[in-house]
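Quick notes on the structure that follows.
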Amino acid sequence: MEKSIHSINEKIRDGSVHVITADRMPAIVQELGEEGALREVDVVTTGTFGAMCSSGAFFNFGHSDPPLKMEHLWLNDVEAYGGIAAVDAYLGATEQSTTRGESYGGAHVLEDFVSGGSVELRAISRGTDCYPRRNITTDLHLEDLNQAVMVNPRNAYQRYNAATNTTDRTLFTYMGMLLPGCGNLTYSGAGALAPLPNDPNLRTIGSGIPIFLGGAKGMVIGEGTQHSPATGFATLMVTGDLKQMSPDFLRAATMYGYGATLYVGVGAAIPILDVDMVRSTAITDDQITVSVIDYGIPQRDRPALRSVTYADLKSGKVELRGEEVRTSPLSSYRKALQVATTLKTWVEKGEFTIALPTRHLDRTMRSRPLRETKRTPRVREIMDRQVVSVTEDELIRTAAEKLLKGETNHIPVLDRVGKLVGIVTTYDVSKAVLRPEKGGLVRDIMTRRVIRTTPEETVDIAAQKLEKNNISALPVVDSEDHVIGMLTAIDLGKLFGGRWQS
Amino acid sequence: MKLLVTFSRKKMREPIIARVVKETGVLVCIDRAQIDSAAGEVLIDVPDKEATYISERMRAMGAQVRILENAIIRDENECVDCGACISICPREVFTFDEEWKLQVSEERCVLCRRCVLACPHHALSQQE
Ligand code: SF4
Ligand code: SF4
């Protein structure tokens, strides 16, 4: 049996349509079988509600008198892009306020507008013959604007890798607060309730279809940026009228240490046309797998610790390195259910009809990393290869002599087989002179927790290590923990200029 | 019930907590202690019915005592039930109920303030 979009829309119009939310589909298929579910269910509604950084809106403000070409403009001190005609602008969700820092950004302006607040527009121009005015400051409500069109370049990720942190310091990321030593795990997305997992072959979700966006009726434009269906990470570019949206489904947020982002509710209503659509909408959380990524590694390709399913993640605990670690969703599943339920009500009431894509989304794309034409310098290129070291069972006096002779302030300490086990500074040695009771060997006074770098690490990352730990030298070690160089703030100073000369 | 006990520099050398325990026979549990050269701040957990009595005794010994009832306050209008606070809290104060709504067991809170930073929606604050 097959059903046409036309027959489903007929049922929507005459009120006989049968709609369910996606979380209920597996049970229905189990009870009625696939053919039975196809006969029974016409539409499956989906939803997700989470941080979607790649969001924003186009505005048309209308012309002032005398008219002005808004070359640079700010909304509540958040800069919007004005390089499009005279009174059009695009405001991105993650743009940060120039006066309030990361706690207020583009996302907050959007939420203020949507919840009926007043927003200050400030714009400047160099003045032209046709647009003579040089600046303007005015307070605006959403209804004062000619248009406010949300256009989100990348929303509704099919799935998203989970995050943890193996380092010994707390990280503040766009995946939230990550405690040291894999102290917690965060994840994003609604799993089997989200739009794209319910149509992974992109048969019914595509350009032109109506969707739920921020509490209003929106539309899919096409593939989202970084769309990568070939690897299971499809995304959508979506649009909708900001003036129709509701703060229930559009919320500004701040990820501490990262900045502003926008929580957006997105939902799609999927027509159950044939058995294939029954199967794809019967997906469950345990069929959606993601990797747990170590955000402690400052590289693009961060290592994965293991793979997990959304069922594991939603259980609240996941095993990592032999220990149970608690999980936090960053998206709201409760809100995602509200999105799917609201959309269900719209369809049942005949307020929302279904359309097939006017153009199908690409199913083969794969997102690639940035092509970098200038290589970022590596530690190997600037490190000092003359390493003066001591062993842990040498006398402190020996260390002192080496420090003096080597004209250095740091000496790496090695064990019998030449592996790095500590570091001693001139400060440690001076302290030892004053407090001889601690012992006379290097091992008695060395710092055992040595912050280190590798020859292939980028200089930026090494510099960040120095800064974060408030230290001035890093031993450079190979894969066997043998010290092959030292990197000091002075080496970095040669590269970056004044900032690193301490 | 949680009591936030603060001592001035002078009083810090005196074993106020130990003395109160000995004198009253009430067992107190120390949740968190922060002591530096200028002052000390200790968060203790005591049985509800003894809270007033213990506070009085401590005050008499020169400490300042504040009863913390709702240590961490959640603004329901701002909270979206995202759960970002759940995994970072050292005391498992936050959980989801059956409907994925956030539940807060504030009596377990030790006021470490991690959740205040971690909540993306500024929905959590510490009672002043
Ligand atoms: S992190 Fe904040 S918004 Fe999210 S559930 Fe906790 S209190 Fe609510
Ligand atoms: S302050 Fe600390 S202990 Fe209290 S609820 Fe927040 S994270 Fe948990």
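Can you figure out the FRET efficiency of residue B:50 with residue B:97, using R₀ = 22 Å and their beta-carbon distance, to the nearest 0.05? My answer for the efficiency is 0.10. Solvent exposure of region B:2-68 amounts to 59 Å² per residue of accessible area, where only protein heavy atoms count and the probe is 1.4 Å. With the cut-off at under 17 Å, measuring from each backbone N in region A:454-469 to a point 7 Å along the Cα-to-Cβ line of residue A:297 picks out A:454-458, A:461-462. In the context of the full set of protein chains, residues of region B:72-126 present 45 Å² of accessible surface per residue (probe radius 1.4 Å, heavy atoms only).
Determine which lysines satisfy two conditions relative to residue A:419: a Cα distance under 20 Å, and not lying fewer than 8 residues away in the same chain. Those lysines meeting the cut-off are A:402. A cut-off of 5 Å between modelled amide H atoms, ignoring neighbours fewer than 5 places along the same chain, links residue A:325 with A:318, A:319, A:320. Surface burial for B against A, with a 1.4 Å probe and both sides summed, reaches about 2100 Å² of accessible area. Using the empirical formula 2.2 N^0.38 Å as the baseline, the Cα radius of gyration of the protein assembly as shown reaches a ratio of 1.17.
At 222 nm, what helix-only mean residue ellipticity would chain A give, in deg cm²/dmol to the nearest 500, using -39500 (n - 2.57) for each DSSP H run of four or more?
-6000 deg cm²/dmol
To the nearest 0.05, how large is the calculated FRET efficiency for residue B:110 and residue A:14 if R₀ is 56 Å and r is the Cβ-Cβ distance? The value I calculate is 0.40. Partners of residue A:11 within straight-line reach, counting lysines whose Cα lies under 23 Å from its Cα and excluding those fewer than 8 residues away in the same chain: A:3, A:217, A:344, A:349. Per residue, the accessible area of region A:379-499 comes to 56 Å², computed with a 1.4 Å probe over protein heavy atoms only. Across peptide A:165-177, the average count of Cβ atoms from other chains found within 10 Å of a residue's Cβ is 2. Cα-based radius of gyration for region B:2-68, normalised by 2.2 N^0.38 Å, reads 0.99. Of A:488, B:102, B:53, whose Cα points farthest to the positive end of the dipole of the protein assembly as shown (charges on the beta-carbon: +1 Lys, Arg; -1 Asp, Glu; origin at the Cα centre)? So the residue we want is A:488.
Note: chain B, Cα convex hull, 114 Å³ per residue.
Relative contact order for chain B: 26 percent, from Cα pairs under 8 Å spaced at least 6 residues apart, divided by residue count. Take the Kirkwood radius over Cα pairs of region B:72-126, plug it into Stokes-Einstein at 20 °C and 1.002 mPa s, and you get 195 µm²/s for translational diffusion.
In region B:64-86, the residues whose accessible area drops by at least 40 square angstrom when the other protein chains are added to the isolated chain are B:80, B:82; the probe is 1.4 Å and only protein heavy atoms count. Taking all Cα-Cα distances within region A:241-400, those exceeding 29 Å account for 52%. At full extension, residue B:117 and residue B:78 could sit 12.6 nm farther apart than now, given 0.36 nm per residue minus the alpha carbon distance.
Seen through its C-alpha gyration tensor, with square-root eigenvalues sorted a ≥ b ≥ c, region A:1-79 comes out prolate because a/c lies at 1.5 or above while a/b is bigger than b/c.
Among residues other than residue A:194 whose Cβ falls under 13 Å from its Cβ, what is the net charge (Lys/Arg +1, Asp/Glu -1)?
Net charge in that neighbourhood comes out at 0.
Across region A:379-499, Cα pairs under 8 Å and at least six residues apart give a relative contact order of 30 percent.
With an 8 Å cut-off on Cα pairs and a minimum separation of 6 or more residues, tell me the relative contact order of region B:72-126 in percent.
Value for region B:72-126: 46 percent.
Extension gain for residue A:370 to residue A:286 (0.36 nm times residue separation, less C-alpha to C-alpha distance): 27.0 nm.
Dimensions of region A:379-499 from C-alpha coordinates, computed as largest minus smallest value along each principal axis and given longest first, are 41, 31, 25 Å. Report the residue, chosen from B:15, B:47, B:90, that carries the largest GNM mean-square fluctuation when chain B is represented by alpha-carbon nodes joined by springs under 10 Å. Comparing B:15, B:47, B:90 in a Gaussian network model of chain B, the most mobile one is B:15.
Applying 1/(1 + (r/R0)^6) with R0 = 45 Å to the Cβ-Cβ distance of residue A:384 and residue A:323 gives a FRET efficiency near 0.70.
Available extension along the chain between residue A:458 and residue A:35 is 146.6 nm, counting 0.36 nm per residue and deducting the alpha carbon span. Here the accessible area is traced with a 1.4 Å probe on the protein chains. For the protein assembly as shown, carbon and sulfur cover 48 percent of it.
Cysteines of chain B lacking any other cysteine Cβ under 4.7 Å from their own Cβ: B:29, B:79, B:82, B:89, B:109, B:112, B:119.
The values are calculated or read from the model by the stated rules, or taken from the named source; none is laboratory data. Computed from a predicted structure; not experimentally measured. As a convention, Cβ positions derive from the backbone with ideal geometry for all residues, glycine included, and neighbour counts pool all protein chains shown. What goes into the accessible areas is simple: the full protein's heavy atoms, side chains included, and nothing from ligands, DNA or RNA. Shrake-Rupley method; radii C 1.70, N 1.55, O 1.52, S 1.80 Å.
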